[in-house]
Amino acid sequence: MNGSTPIHVTSLLIASSLVFVTLFFSYWQKLKLEKETIISVVRAVIQLVAVGYVLNFVFGYKNPAFTTLLLLFMTFNASYNAAKRGRAIKRGLSISFLSIAVGTLVTLMILILSGIIRYEPYQIIPIGGMIISNSMVALGLCYKQMAADFKNKREEIETKLALGADILLSSKEIIRDSIKTGMLPTIDSAKTLGIVSLPGMMTGLILAGTSPMEAIKYQIMVTFMLLSTTAISSFISCYLSYRGFFNNRKQLINRPEN
Amino acid sequence: MSFLEFSHVSFTTEDQSILKNLSMRIESGDFLSIVGPSGSGKSTFLKLCCHLISPTDGTISFKGKNLNEFNPMELRKQIAYCFQTPYLFGDRVKENLEFPFTIRNLPFDPERAEEFFSLFQMSADYLNKEVKNLSGGEKQRIALIRSLLFNPEILLLDEVTSALDVANTKIVEQVIASLNKEGTTILWITHNPEQSRKHANKVLEIENGELRSLEAIR
């Protein structure tokens, strides 16, 4: 943190007035988001303070098994959240866990084998966190799209089933659309990197005093890893979850909506 | 042994009883017209026949074997179902007619498609037409061809002529009647009283989910 400016708690308290802007708009426009905004802000502060202490501890505790355990814990939490987004998905939690775990494992392995990062907690935990949270968002989108499609495209699926098609062939378009929906935000944000926004990691590094040329190298790595992770996780989750919309007699069943 | 047999079949959803204790037999080569008011359970009856849904009570058997014992995909290839509103997928007609071949891992046979085009008095040029440019009547005929390409043993028709004009209705009726003469068993839902008796040898009346009558008329 050679060039960074330390932030005082009082400065943060003043900055918290920005939350009132959100509350004002919510109240003014009757969005009814006041309660949710307050809860999210309080949660964010508590979680970040906690994670600050935990990371301080973890980074000093260089046991790889502990780092792995922490990654698994993060994966589980992300899976739980993704599954909540996809209530219509049967076995949502286990499918999410497997998809996120495989996506994270493959991406981290490539990054480690290429020598970009080392299996050290101060590198693995923040990078793993980015990967896992990105997968979680992608999965939530996949599930939402899939549940909506299975509801709205009933006719199309039943037509294909009635012709004697297997459930995979009958659902192929839906699976494809759902994977796309999960991946598109990451692809779109990659397209506009540096033009629309300076992404979080790069901004963080620059604020911490890293030269922009060094910071973009990290950002390029992050872009690659997020693309690969969303692709892997979306692919696995969609191909595992479509079956839950059929029974063992290959009939389309009604699943609860999200 | 009956060709298709319903034995005490009921179908209930979470909040509604759609078919109640239906028992009946359909013989091979029958032409059965199914009549009854809207919402009486006619479409559910057809969906049960091709195993798109299963009875919540009772059994349905085909050639003496419970439908649950069949491979659902193989069964549906023998019992074809045409929906009231035809759904054509993809961009072109060809994709729809290729689909039954893809399911069977066979290469597409355009000659076979052309035979059916001529049967339905359509030109072979339809193969490359865009789905979005087709009229309701054309869509319905393409959907019928898609179901007929591999000669199903039973053809289930759910008000397939309800959106067709007189000329198109006549063409479809003629094709269906000729298929029946060649041995295909037909189960046809219709609201038209004249149509229900024109070619059928049996008329089934369903009301409020119950079998009101099964009349042999030929």
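Here are the numbers for the structure shown:
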| read-out | value |
| --- | --- |
| One residue from A:SER211, A:SER178 being of a type in the set (S, T, N, Q) and within 21 Å of A:ALA78 (Cα to Cα) | A:SER178 |
| Residue list for segment B:93-103, filter: at the interface with another protein chain (Cβ under 8 Å from one of its Cβ atoms) and surrounded by fewer than 17 Cβ atoms within 10 Å (Cβ to Cβ) | B:THR102 |
| Qualifying position, being away from chain A (no Cβ under 12 Å), surrounded by 13 or more Cβ atoms within 10 Å (Cβ to Cβ) and without any contact (Cβ under 8 Å) to a residue 60 or more places away in the chain, among B:GLY90, B:GLY41, B:GLY36, B:GLY136 | B:GLY136 |
| Residue match in segment A:143-163 (condition: within 14 Å of another protein chain (Cβ to nearest Cβ), modelled with pLDDT of 90 or more and under 19 Å from the mean Cα position of the chain (by Cα)) | no |
| Flag if A:ALA190 is within 14 Å of another protein chain (Cβ to nearest Cβ) and either in contact with a Lys or Arg (Cβ under 7 Å, 6 or more places away or on another chain) or open to solvent by less than 40 Å² (accessible area, probe 1.4 Å) (or both) | no |
| Within segment B:55-87, tally of residues that are buried (at least 18 other Cβ atoms within 10 Å of the Cβ), outside any strand (DSSP E or B) and in contact with a strand residue (DSSP E or B) (Cβ under 9 Å, 6 or more places away or on another chain) | 5 |
| Criterion (surrounded by 20 or more Cβ atoms within 10 Å (Cβ to Cβ) and not β-branched (Val, Ile, Thr)) met by exactly one of B:SER147, B:SER123, B:SER118, B:SER162 | B:SER147 |
| Which listed residue, of A:SER178, A:SER211, is surrounded by fewer than 17 Cβ atoms within 10 Å (Cβ to Cβ) and among the small types (Gly, Ala, Ser) | A:SER211 |
| Helices (runs of 4 or more DSSP H) fully within segment A:165-258 counting 1 or more residues that are of a type in the set (A, V, I, L, M) and at pLDDT 95 or above | A:167-191, A:212-241 |
| Matching entry among B:LEU52, B:LEU22 (being crowded, with 17+ Cβ neighbours inside 10 Å, part of a loop (DSSP other than H, G, I, E, B) and among the hydrophobic types (A, V, I, L, M, F, W, C)) | B:LEU52 |
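For (1) more than 14 Å from every other protein chain (Cβ to nearest Cβ); (2) surrounded by 18 or more Cβ atoms within 10 Å (Cβ to Cβ); (3) β-branched (Val, Ile, Thr), each residue gets a yes or a no:
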| residue | (1), (2), (3) |
| --- | --- |
| A:VAL222 | yes, yes, yes |
| A:SER228 | yes, no, no |
| A:ALA231 | yes, yes, no |
| A:SER234 | yes, yes, no |
| A:SER241 | yes, yes, no |
| A:PHE246 | no, yes, no |
| A:ASN254 | no, no, no |
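The values are calculated or read from the model by the stated rules, or taken from the named source; none is laboratory data. Please read these numbers as outputs of a predicted model, since none were measured by experiment. For neighbour counting, all protein chains shown are included, and Cβ atoms are generated from backbone atoms with ideal geometry for every residue, glycine included. Heads up: the accessible areas ignore ligands, DNA and RNA and are worked out on the full protein's heavy atoms, side chains in. Shrake-Rupley method; radii C 1.70, N 1.55, O 1.52, S 1.80 Å.
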